[in-house]
Structures are given as structure tokens and as C-alpha cells.
Amino acid sequence: PDAVAASGIIKGLGLNKKVITILEGESLVNDASALIAYRYAVTAVTTGAFIFWKAGLQFLLVAGVGIIIGVVVGYLFVLAHKKIENNPVVETSLTLLSPYVSYLVAEQFHMSGVLAVVTTGLVVAWRSPEVFSYRARMRIRGVWETLVFLLHGFVFILIGLQLPSIIKDLGNYPFSQILGYGLLISAVTIVVRIIWVFAGVSTQTFFQKKKKTTNDLSANDNQDSTWKNVLVVAWTGTRGVISLAAALALPLVLEDGTAFPKRHSIIFLAFVVIFVTLVVQGLSLPLLIRWLKIKPQDNTIEEEKELQLYLATSTLNFIEQDFPMQLDDKLQEQLKKKFELQINDLTKEIRLQKKAKSNDEEIKPPPPTDLVNAQLEIGKFKRELLVKIHKEGEFSDAAIKKVEREMDIDELKLELKVPKEE
């Protein structure tokens with residue numbers, strides 16, 4: 001499935017963590033490999049020359065070397081990030097530059113630029129906790145979320161603008177006939193994915209049976225929930241912007257100058273498949289999960305609290321034993337008390353969550369405390385007062401912007417403590 005489309009649909013459904021990993025991760029390699037095969041298919045149509053075994057060997061070469069180039073470029077950018085200290089603008093710019101460098105280098109050697117970009121992204125993301133400052137991480141996250149949203153929106157706007165002319169130039173096909181073809185292809189796509197997923201899991205289970213291991217979808221689950229998870233993966237085959245971009249990238253003419261055959265029909269069929277899979281499969285997935293009676297298994301809140309508890313406990317030991325600064329007794333006690341209180345609160349929350357889980361109750365984040373709500377109200381008052389001061393012109397813009405930035409950070413920290421409804 002399309003990574004962004006799948007993520008948007010399964011968000012908040014409480015699916016098995018490994019199911020989510022499979023759905024979000026499979027498109028990285030699948031889409032990249034499919035785009036390589038797509039390139040060979042387009043070349044075969046435009047040139048009229050295609051030898052299967054040669055294309056297969058070249059496919060492996062192009063994909064393998066593309067991955068190697070992606071790893072090399074990724075580590076070069078990791079080294080570059082390590083040399084940059086506390087400069088979020090430059091670090092953000094490098095993250096925007098890295099995919100283009102990776103793609104261009106791979107394409108220069110006639111290798112897979114798409115797989116190179118995917119690999120570079122994985123390398124940089126894997127090393128990001130070590131090389132990015134906290135300021136850079138906050139800025140990079142916002143920039144990339146905005147950029148991905150704009151690019152996806154741009155592609156769908158583009159197809160929307162072209163759709164009237166595409167329908168007009170469908171040729172001799174009546175609209176109802178070409179629409180029927182699109183619905184038929186959509187149905188075949190859905191059925192083939194279901195068969196493929198179940199066949200793959202069945203084969204994996206057969207070979208692992210003697211080893212007494214479990215497959216990725218059945219770990220920590222009983223047999224009944226296993227096939228339910230497999231069905232969810234099989235049904236979540238939504239197509240998205242990658243399919244649309246591939247259709248739009250078809251050349252206008254062949255090598256002899258004639259028009260690419262049925263180009264408008266292919267684009268229209270791609271649009272129908274995307275629409276059907278997004279709307280039919282996307283909207284029906286929550287209904288399918290309820291029908292299968294899959295219990296929510298989102299352990300994010302529990303894991304988050306356990307991680308916070310581990311960090312707080314380790315920090316307390318650090319203050320007591322290995323702290324590099326010389327602290328007076330009063331200051332040390334203040335620091336220790338702060339983390340001891342945090343440890344007690346987290347321990348209580350984890351105990352309550354485990355109790356709810358054992359009773360098959362839905363685990364919900366704890367409501368914000370009265371102190372947090374009061375601080376949010378105070379922040380709202382201060383912001384309104386700051387707007388009034390800005391209009392009156394009693395203080396300089398530079399001073400107001402600096403204070404406003406500090407208020408933004410304080411309010412963000414408070415809002416992170418308030419649970420959001422998915």
C-alpha cells in the first residue's frame with residue numbers, strides 16, 4: 001500500500017504493532033522496486049526491445065548498486081551533520097538536500113535513484129538521535145510534515161486539473177466502458193493482494209512449523225487473532241500518490257515520434273484504482289476491524305511511561321553517583337526529590353494501566369491535572385495580553401517576538417501533557 005495513505009487510515013485503530021510496521025514498511029521497498037520495473041516496462045514500450053533474462057539481471061544490478069549508493073551517501077550526510085553544531089537551519093537544509101543528491105548520484109551511474117533515496121533516508125533516520133540537535137529535530141519534523149502534505153496535495157491537484165481533458169481524450173472508449181475497466185482492475189488488484197498475502201503467510205508458517213517459531217503477524221497472538229491480522233494486512237492495499245505520479249510520468253511520445261499508446265486511458269484507470277482503494281478499502285477498514293472484533297493492542301502509552309520511568313530512575317542514579325558537577329546538599333536534594341516524585345507518579349500510572357489491560361479495559365492516557373489546566377489558562381491570558389501590548393506599541397517587536405517564542409515553547413510543553421483524541 002501507499003505509505004502515507006496506509007498510515008492515515010490505520011492511525012488510531014489500535015492495531016497490532018507488527019501489523020502497523022508491516023503496512024507502513026512494505027511500501028518502502030515495494031514501491032521502489034515497482035518503479036524500477038515500471039521504468040523497464042516504459043522502455044520496452046518506447047523502444048520495442050525487451051529480453052526477459054537480461055532485464056532480470058539488470059534489475060538486480062540496478063537495485064543492488066542503488067542501495068549501496070544510498071548507504072554511502074547517507075553516511076556522508078551523517079558525517080556532515082556531525083560536523084554541524086547547533087545550527088538547525090543548515091541541518092534542515094541538508095535533510096532536504098540529501099534525497100536529491102542520492103537520486104542524482106545513482107541516476108548518473110544509471111542505477112536506481114528511488115532505492116538510493118529510500119536507503120539514504122533510512123540511514124539518516126537511524127542515526128538521527130546521535131547527529132541532530134533537539135532544535136534541529138523539532139524544525140525538521142515540522143518542515144518535512146508540511147512538505148509531504150504540500151507535495152501530495154500538489155499531485156492530486158494536478159490530476160484534478162488534467163482529469164477533464166483526460167476524459168475528453170479517452171478515444172473510442174465510451175466513459176462507462178473505461179470506468180468499468182477501472183472498476184474491474186481495482187477488483188482484480190484487491191483480490192490478488194488478498195491471495196498473495198494469505199499465500200505468503202501460509203508458506204512462511206509451513207516452513208517455520210518445525211522450528212516452533214511464529215511468523216511476523218502471529219507473534220504473541222493466538223491462532224484466531226493471527227488470521228484476523230492477516231486479513232487486515234491483505235485488505236489494506238490502498239494506492240496513493242506513487243501510483244498517480246507513475247501514471248503521469250508516462251512519456252508523451254515514442255522514439256519514432258508517435259503518441260504513447262493509450263496514455264490518457266492509463267492515467268484515468270490509475271485514478272479509478274486509487275479512488276476505489278482509498279474510498280472502498282479505506283472507509284471499510286474500521287468496519288472490518290469491528291466486525292472481526294479485533295481488540296485494541298496499542299501499547300504506546302504504556303511503553304512511553306515505562307521509558308520515562310527508566311530514564312527517571314537512571315537519572316536519579318546518575319545524580320547520586322556519577323554527577324560531574326559539585327553540588328551542595330540542598331540543591332542535590334531538590335534534584336533528587338524532583339525525580340523521586342516523577343518515579344512515584346509513573347509507577348502508579350503504569351500499575352493502573354497494567355490493571356486495566358488485565359481486565360480487558362481500554363487503556364486511555366491520564367487526564368491532565370488541574371495544575372496543567374490552570375497553566376494553560378494562564379498561558380491564554382498572557383498571550384492575549386501580549387497581543388494587546390503589541391497593538392499599543394509600548395515594547396519593541398524584537399522583545400515581543402522573543403517573549404512570544406518562549407511562551408510558545410512553554411505552551412507546547414504543556415499541550416504535550418494533554419491527551420489528544422485520535
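What are the ³J(HN,Hα) couplings of the stretch 56-63, residue after residue, when phi is run through the Karplus curve with 6.51, -1.76, 1.60 and θ = phi - 60°? Round to Hz, x for glycine and proline.
For the stretch 56-63, the Karplus-derived couplings read x, 5, 5, 4, 5, 5, 4, 5 Hz, x marking Gly and Pro.
Karplus couplings for the stretch 239-248 from phi (6.51 cos²θ - 1.76 cosθ + 1.60, θ = phi - 60°), rounded to Hz, Gly and Pro as x?
With the stated coefficients, the stretch 239-248 comes to 9, x, 5, 5, 4, 5, 5, 5, 5, 5 Hz.
Within 10 Å, count the other beta carbons around each residue, average over each peptide in 233-243, 321-331, 148-158, and list them highest first.
Sorting 233-243, 321-331, 148-158 by mean packing, highest first, produces 233-243, 148-158, 321-331.
If you count, for each residue, the other Cβ atoms within 10 Å and average over each peptide, how do 385-394, 267-276 line up from highest to lowest?
267-276, 385-394
Helix 370-392 against the longest principal axis of the chain: what's the angle in degrees, Cα atoms only, rounded to the nearest 10?
80
Extending each Cα 7 Å along its Cβ direction at LEU376 and LEU283, get the distance between those two points in nm, one decimal.
Placing both labels 7 Å along Cα→Cβ, they lie 3.2 nm apart.
What is the helix-to-structure angle for 113-131, meaning the angle in degrees between its Cα long axis and the longest Cα principal axis of the chain, kept from 0 to 90 and rounded to the nearest 10?
10
Past 27 Å, Cα to Cα: identify those pairs from LYS295/LYS355; LYS83/LYS330; LYS83/LYS305; LYS338/LYS402; LYS388/LYS413; LYS18/LYS355, in the order given.
Violating the 27 Å Cα-Cα cut-off are LYS83/LYS330; LYS83/LYS305; LYS338/LYS402.
Stretched out fully, how many nm does the piece from ALA125 to GLN162 gain, at 0.36 nm a residue minus the Cα gap?
9.7 nm
Show the residues, 5+ positions off or on another chain, whose built amide H is closer than 5 Å to the amide H of PHE260.
Close amide H contacts, sequence-distant or interchain: VAL253, LEU254.
Using alpha-carbon pairs under 8 Å, 6+ residues apart, how would you state the relative contact order of the stretch 51-167 in percent?
Contact order relative to length: 32 percent.
If you keep only loop residues by DSSP, which chymotrypsin sites (Phe, Trp or Tyr not before Pro) in the stretch 42-145 have at most 15 other Cβ atoms within 10 Å of their Cβ?
Sparse-neighbourhood loop chymotrypsin sites (Phe, Trp or Tyr not before Pro): PHE50, PHE109.
Name the long-range amide H neighbours of GLY240: under 5 Å, sequence gap of 5 or more, or other chain; modelled H, no Pro or chain starts.
ASP2
Each value in this text was obtained by applying a stated rule to the coordinates, not by laboratory testing. Since we're looking at a predicted model, the values are computed, not measured. Heads up, the Cβs are rebuilt from the backbone with ideal geometry, glycines too, and the neighbour counts pull from every protein chain shown.
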